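See structure below.
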Amino acid sequence: MKKYKELLQNVGLLTLSNFGSKFLSFFLIPLYTAVLTTEEYGNFDFINVTISLLVPLLTLNVYEGALRFLLDKKNKKDDICKISVKYLLLSVVFLFILATINYIFNIIPLLNRYFIYFVILYITSAFLQFAQNITRGFDKISYIAISGVINSVVLLTLNILFLLVFHLGIDGYFLAAIISSLITVVYLFISIKFHKYLKKGKYNLTLQKEVLDYSRPLVFNSIGWWINNASDRYMVIFMCGSAANGIYSMAYKIPSILSILQNIFNQAWTITAVKSFSAEDEDNFIKNVYSTYNLLMVLCCSLLIILSKALAKFLYLNEFYNAWKYMPFLMISIVFGSLSGVLGSLFVAIKDSKIISKTTIGGATINIILNFILIKWIGVLGAAISTAISYFLVWLFRVQYTKKLVKIKFSFKKDLFVYFILLIQSVILLIVNNFYILYVLEILMLGIILISYKDIIKGLISSVKLRLVRR
């Protein structure tokens, strides 16, 4: 029970951390869709997804290595911090060189239009990911929670101030993102007294090699996830235009509810998996966590598919409303992405980053091929379907590797049947126009999912009742 308690405690703290910034971005959708044009939002999204590729690429994912090695108590925290900062600062130098080359030769004109914002947003994004991973590695989850609240308050205040009061438009959107991230980084560094570790730290070459040997393969994993998450937006821009990408990018906002759950749980689970990993899984800890998490993600996905049109009507203004068409497939992709993350944490526990990268790159390669075919064939919807298929394949690859690693009995056939029901729900949403027929069919599909997982649900209810009796 100690392992379950620790996992739930970390999930609770990380929920507090993510609730503000992630849920806030969801509730600010009406503001963004009212103030920004589809093209402006598409341009910001383009900058953002470009940075999400460059951060792990230029830093060699050293912050992921730092997290993993900090969880091994035998390693010196100060040396790991010193090594990580070195590569973080080098990445900023490389970024500035690349941005300057792009500015001179105008390779990607859109990046030049927002040159200063692009550079500064990269720096704040890289340092924020680093600060969060270091804090998690120190097992100071409470600081992560508080930082999330700070980030939320600052982001909300600045968005209202810059967009509604000063009418800065896309400039205000960039400034709010940059300043809120910067303040969050400063808070985390002060809270964990990072300067003391940095001052004491030495360049331990043996430890540096170990960290880099672990983190370097994860660069390919990050590239793979970036391709799965963001390459479709590049292709939508080049094949359908910035306005279409603005709508498609907005389609991610409601599925981001699932993404929030994914980020919260996977951050907590990685720490627990490293501490509690057992290939035999004698107490069925891994199996129970996986099956419960799968149930939660599937049910949330099913409910969000049912509510897609209603939420889009409420949150999306003007032409952004058309984003509802792409949401169901993006939600399904997040389900498989989250389950892949749970399995990936087991490979993190044994420090096998190569398997993580192989599986992600496999899915990413298929995603690129499908994007070319499906976007050309059915437009923007093809990008959403390609993403769902590629995420499914990453999950499938990792399931096969996990079977060799841990003795877990997956309810494979049942899970595949339920995932097929989610697909049917998505198709129904697209082709059925009659309001009453649509929701009767959707609720029927949800009922089938509940019946399919009735044993897991009964087990959870029994566990809760047992704990209440003991109290």
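The values are calculated or read from the model by the stated rules, or taken from the named source; none is laboratory data. The structure presented is a predicted model; accordingly, all values stated were derived computationally and were not measured. Ideal geometry is used to build each Cβ from the backbone, glycine not excepted, and the neighbour counts take in all protein chains shown.
Residues checked against (1) at pLDDT below 85; (2) polar (S, T, N, Q); (3) over 30 Å from the mean Cα position of the chain (by Cα); (4) surrounded by fewer than 15 Cβ atoms within 10 Å (Cβ to Cβ):
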residue	(1), (2), (3), (4)
ASP415	no, no, no, no
LEU422	no, no, no, no
ILE431	no, no, no, yes
TYR439	no, no, no, no
ILE449	no, no, no, no
LYS454	no, no, no, yes
ILE461	yes, no, no, yes
ARG467	yes, no, yes, yes
Answer yes or no as to whether PHE220 is buried (at least 18 other Cβ atoms within 10 Å of the Cβ) and either closer than 30 Å to LYS76 by Cα or in contact with a Phe, Trp or Tyr (Cβ under 7 Å, 6 or more places away or on another chain) (or both).
yes
Go through (1) closer than 20 Å to LYS275 by Cα; (2) assigned to a loop (DSSP other than H, G, I, E, B) for ILE107 and report which single condition fails.
(1)
Between a residue in the range 404-432 that is more than 15 Å from LEU303 (Cα to Cα) and in contact (Cβ under 8 Å) with a residue 40 or more places away in the chain and any residue that is in a helix (DSSP H, G or I) and not hydrophobic (A, V, I, L, M, F, W, C), which pairs come within a Cβ distance under 6 Å, given they are 6 or more apart or on different chains?
ILE408/LYS287
Pairs needed: first member in the range 150-162, more than 13 Å from ILE183 (Cα to Cα); second member anywhere, part of a helix (DSSP H, G or I); C-beta distance under 7 Å; at least 6 residues apart or different chains.
LEU156/LEU24; ASN159/LEU31; ASN159/ALA176; PHE162/GLY172; PHE162/LEU175; PHE162/ALA176
Within the range 195-211, does at least one residue satisfy the condition of being free of Cβ contacts under 8 Å to residues at least 12 places away in the same chain, in a loop (DSSP other than H, G, I, E, B) and surrounded by fewer than 20 Cβ atoms within 10 Å (Cβ to Cβ)?
no
Checked the range 285-320 for anything crowded, with 17+ Cβ neighbours inside 10 Å and charged (D, E, K, R); matches are LYS309
What tally of residues in the range 349-363 results from selecting those that are more than 13 Å from SER215 (Cα to Cα) and surrounded by 23 or more Cβ atoms within 10 Å (Cβ to Cβ)?
3
